[in-house]
1. If you go through the stretch 87-124 one residue at a time, how many are in a strand (DSSP E or B) and either more than 16 Å from residue 23 (Cα to Cα) or modelled with pLDDT under 95 (or both)?
2. Which of the following residues is among the small types (Gly, Ala, Ser), surrounded by fewer than 18 Cβ atoms within 10 Å (Cβ to Cβ) and on the phi > 0 side of the Ramachandran plot: 29, 52?
3. Only residues that are out of contact with any Asp or Glu (no Cβ under 7 Å at 6 or more places or on another chain), exposed (fewer than 15 other Cβ atoms within 10 Å of the Cβ) and either outside any helix (DSSP H, G or I) or on the phi > 0 side of the Ramachandran plot (or both): list them for the stretch 61-82, please.
4. Can you tell me which residues in the stretch 33-60 are outside any loop (DSSP other than H, G, I, E, B) and over 25 Å from residue 92 (Cα atoms)?
5. Between 90, 49, which is farther than 17 Å from residue 158 by Cβ, free of Cβ contacts under 8 Å to residues at least 12 places away in the same chain and of a type outside the set (D, E, K, R)?
Amino acid sequence: MSTAFDFDIIVVGAGHAGIEACLASARLGLKTAIITTNLSRIGYMSCNPSIGGLAKGHMVREIDILGGEMGLAADATCIQYKRLNSGKGPAVRGTRVQNDKDKYSAYMQNLFSKQENLSVISGEAKKLILNNHRCEGVVLHDGSLVRAKAVVITTGTFMNAVMHFGLKQISGGRVGDSATVGISDQLLQYGFNV
């Protein structure tokens, strides 16, 4: 019995990794959906809105050479450019830019609105649809099913997330955003560390 799929690829989470994953998939001509709990927070940066540095700067260059968007968005929304360790040897020098996080998010939202083969779904993925150890989609918070040939999970620090404010602990993936719980509990049942 064959399954009717809504999409080729579903990406869960719309941070840096989710953005690059869904754009790569859609640009390859695959029917792609990205699921996020808050459409206004697509690509929204954390309290330190920077792109670059020694390790991340290397990764951004690799993403750029593969046709990714992070470097272009960083250039378009840059408010400060800095060369790190400029007085030291070339092995430890790095470039970092500070970005306007509202403009960065708006840049990505605008890009999504123009991207062919990409659907943006507002909702929380609560559970994976598993069939003989193969993931064939997700169940959203409202109970609706979204089916795909493959699912990419890019929830970052949001799974079972806890924020620490001194001695106080609050559930959440970032100030103003809730933690994701359903998929993390399911992954724990399958032996994954969350």
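The values are calculated or read from the model by the stated rules, or taken from the named source; none is laboratory data. This one's a predicted model, so the numbers in the text were calculated from it and none came from an experiment. Glycine gets a Cβ as well: all are built from the backbone with ideal geometry, and neighbour counts include every protein chain shown.
1. Qualifying residue count, the stretch 87-124: 7.
2. Of the residues listed, the single one that is among the small types (Gly, Ala, Ser), surrounded by fewer than 18 Cβ atoms within 10 Å (Cβ to Cβ) and on the phi > 0 side of the Ramachandran plot is 29.
3. Result: 66, 67, 80, 81, 82.
4. Those that are outside any loop (DSSP other than H, G, I, E, B) and over 25 Å from residue 92 (Cα atoms): 33, 34, 35, 36, 39, 40, 41.
5. 90
Yes/no per residue for (1) touching a residue at least 12 places away in the same chain (Cβ under 8 Å); (2) aliphatic (A, V, I, L, M); (3) surrounded by fewer than 17 Cβ atoms within 10 Å (Cβ to Cβ):
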| residue | (1), (2), (3) |
| --- | --- |
| 84 | yes, yes, yes |
| 110 | no, no, yes |
| 128 | yes, yes, no |
| 151 | yes, yes, no |
| 161 | yes, yes, no |
| 165 | no, no, yes |
| 169 | no, no, yes |
| 175 | yes, yes, yes |
| 186 | yes, no, yes |
